[in-house]
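Okay, so here's the structure we're looking at.
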Amino acid sequence: MDQQIRKKYNYWQWRTLIVLMIAYILYYFLRKNFSAALPAMQEELGITKLQLGIFITLNGIIYGLSRFVNGFIADRCSRRKLLAGGLILSAIINFAIAFSPKLDGMFNLLDAEGKATMGLVYLIGSLWVINGYIHGMGYPPCASLMAHWFKPSELATKQSIWNASHSIGAGIVIALCGWLLSKFGMSAWNLCFAIPAAIAFIGAIVVFMTIRDTPSSVGLPEVEQMDKKGAGAASEPEKQLEGKAYSHFLSRLVFRNPIIWILALSNFCIYVIRFTILEWGTSFLTQYKGFEIALSANIVAMSELAGGVLGTLVAGWFTDRFMQNKAHRTCLLCTIGATLCFFMFWKTPQSAHWFVSALLICLSAFFVYGPQALLGVAASQQATKRACATANGILGIFGYAATTIAGIGFGYLADKFGWNSVFLVAVIFGLIGCLVIATIWNAPADGYEKAGKVMDEIKEL
C-alpha cells in the first residue's frame with residue numbers, strides 16, 4: 001500500500017513541477033517580450049530610453065506590490081485559479097499593446113511621421129503597468145504549490161528546477177522576438193506581443209485543467225507525512241489558521257522575522273544586476289558594444305538559457321548536497337560571482353571578440369540565478385509552507401522595487417551619462433548585496449522548529 005502511495009505521489013509531484021514550469025515559462029513570454037522589443041520601439045515609435053525606463057519601473061513596482069497582495073491570497077485561496085487566471089488576463093493585455101497603434105484613427109496616437117505621440121506612450125505605459133499587477137498573480141501560487149508538494153529537505157533542488165522556467169521563458173521569447181525583428185524588420189515590434197499572447201492563452205487552459213492545489217485534494221497525505229512510516233492513503237486537509245491565530249503566525253514567522261527582511265534586502269541588490277542584464281542587455285550590447293541586434297538578442301537569450309538554467313540547477317543541487325539545505329549560504333557565494341563577472345564584462349575592451357562579452361554575460365547570469373531562485377527558497381523555508389507565499393511577497397516587493405534603479409534610474413543614466421554609469425551603479429549594488437547576505441551565514445536552514453513553538457503559543461492564546 002505504501003509503495004502504491006509513493007508511486008502516485010511521485011507522479012503528482014513531477015506532474016505539478018512540470019505544469020508549474022510550463023505556466024511560468026508562459027508568464028515570462030508575456031513579460032520579457034517587452035525588453036526584447038525595446039530597441040525596435042525606440043526606432044519605430046521614437047520612444048526614449050527614459051520613457052521606456054519609466055514603463056519598466058512602474059511595471060516592476062506594481063508587480064512587487066502585487067506579489068505581496070497575491071502572496072497573501074495564495075496562502076488562503078485556490079492557487080490554480082490564481083495562476084491560470086493571471087495568465088489569461090496578461091495575454092489580453094499583450095494583445096491590446098500589439099494592436100494599440102491601430103487605434104490611431106480613433107485617437108491621436110501617431111504623428112505625421114508615424115512616431116508615437118504622448119497619447120500612445122501613455123496608453124502603452126498604462127497597459128504595461130496593469131500587466132505588472134497581473135503578473136503578481138504568477139509567482140505566489142507557484143511558490144506555495146512547491147512548498148505544499150515537496151519536503152523542506154528537497155525544496156531547494158526541486159524549486160531550482162522549477163526556477164529554470166524564468167530563464168527558459170525569457171530566453172525563448174527574447175530569441176523569438178529577435179528572430180521576428182530580424183525577419184520582418186523593426187516595424188514588426190507588435191508581433192513580439194501578439195504571438196506570445198496567443199501561445200499563453202492556450203497554455204492557461206492547460207494549466208487550469210492539470211494542476212491541483214494540495215496532495216489531499218487528490219487523496220494523498222500531506223507532504224510532511226511522507227517521511228513517516230505507514231503513511232495512510234489519504235489525510236485530512238491541513239487545518240487553516242484563522243483570525244488572531246493566523247495573524248500571530250504571520251507576525252512571528254514573517255513580519256517580525258529579521259531573516260526575512262535580510263533576504264528581502266539581498267533580493268533588491270541581486271535584482272539590480274539581474275534587471276540590468278535582462279531589461280537592458282539587448283540595448284547595451286547593441287549600443288555600447290556595437291553588436292547587431294540579432295546577435296545581442298541571442299546573447300541575452302543564451303545568458304538566460306545556458307547561464308540562468310544551469311546556474312539555477314547547480315545552485316539548488318549544491319545547496320542540498322553541500323550546504324545542508326542552507327540556501328542563504330549559496331546565495332552569498334553566487335552574489336560574489338555575479339558581481340565579479342559583471343564587473344569583468346564592463347571592463348572588457350570593446351575591441352575584444354564578441355564571444356568574450358557573451359561568455360561573461362552568461363557567467364554573470366549563471367551566478368545571478370542562484371540567489372534569484374534560492375532567496376525565495378530560503379524565504380519559503382523560514383516562513384514554512386503555511387506562510388511561504390506571503391514571505392515571498394515581501395521579497396517580491398524588494399526585488400521589483402529594484403526597477404526604480406534598473407528602470408527609470410538606468411534609463412536616465414544611460415541617456416545623460418552613458419552606459420558606463422549604469423555598469424558602475426550595478427556593481428556597487430552587487431557589493432552591497434554581498435555584505436547584507438553575509439550577516440545571516442549562521443542562520444538555520446528553515447523555520448519549522450520555530451513554527452512549532454509558535455503553534456504552541458497559539459494554543460495558549
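Structural remarks
- Given 13 as the ceiling on other Cβ atoms within 10 Å, longest exposed-site-free region of the chain for GluC sites (Glu not before Pro) in DSSP loops: 293-459
- Residue-averaged [θ]222 nm for the chain, counting only DSSP H segments that reach four residues, each worth -39500 (n - 2.57): -25000 deg cm²/dmol
- Calculated FRET value between Ala352 and Met209, using beta carbons and R₀ = 60 Å, to 0.05: 0.75
- Of the trypsin sites (Lys or Arg not before Pro) in the stretch 15-83, the ones in a loop by DSSP (not H, G, I, E or B) with at most 15 other beta carbons within 10 Å are Arg76.
- Mean Cα-pair separation over length for the chain, i.e. relative contact order, pairs under 8 Å, 6 or more apart, %: 27
- In range of the label at Lys81: residues from the stretch 122-152 whose backbone nitrogen is under 15 Å from the point 7 Å along Cα→Cβ: 141
- Nearby lysines by direct alpha-carbon distance to Lys115 (threshold 29 angstrom, same-chain neighbours under 8 apart not counted): Lys32, Lys49, Lys102, Lys183, Lys289, Lys416
- With the biggest extent put first, the Cα atoms of the chain measure 72, 47, 41 Å across the principal axes.
- Candidates Val356, Gln324, Ile270 compared by Cα position along the dipole of the chain: farthest toward the positive end lies Gln324, with charges placed on Cβ.
- Loop-located chymotrypsin sites (Phe, Trp or Tyr not before Pro) in the stretch 372-443 whose Cβ has at most 16 other Cβ within 10 Å (DSSP): Trp441
- The fraction of Cα-Cα pairs per 10 angstrom bin, counted from 0 for the stretch 134-210, comes to 15, 37, 30, 14, 4, 0 percent, rounded to whole percents.
- Separation in nanometres of the label points that stand 7 Å from Cα toward Cβ, at Glu154 and Glu449: 2.4
- Extension gain, Leu50 back to Tyr11 (0.36 nm per residue minus Cα-Cα distance, nm): 9.2 nm
- Here the calculated FRET efficiency for Asp456 and Phe255, from their Cβ-Cβ distance with R0 = 22 Å, stands at 0.70, rounded to the nearest 0.05.
- Dipole magnitude of the chain about its Cα centre (Cβ charges: Lys, Arg +1; Asp, Glu -1), debye to nearest 20: 800
Bear in mind that the values in this text are calculations on the coordinates, not laboratory data. Keep in mind the model is a prediction, meaning the values are calculated, not measured. Positions of Cβ are backbone-derived with ideal geometry, glycine not excepted, and every protein chain shown enters the neighbour counts.
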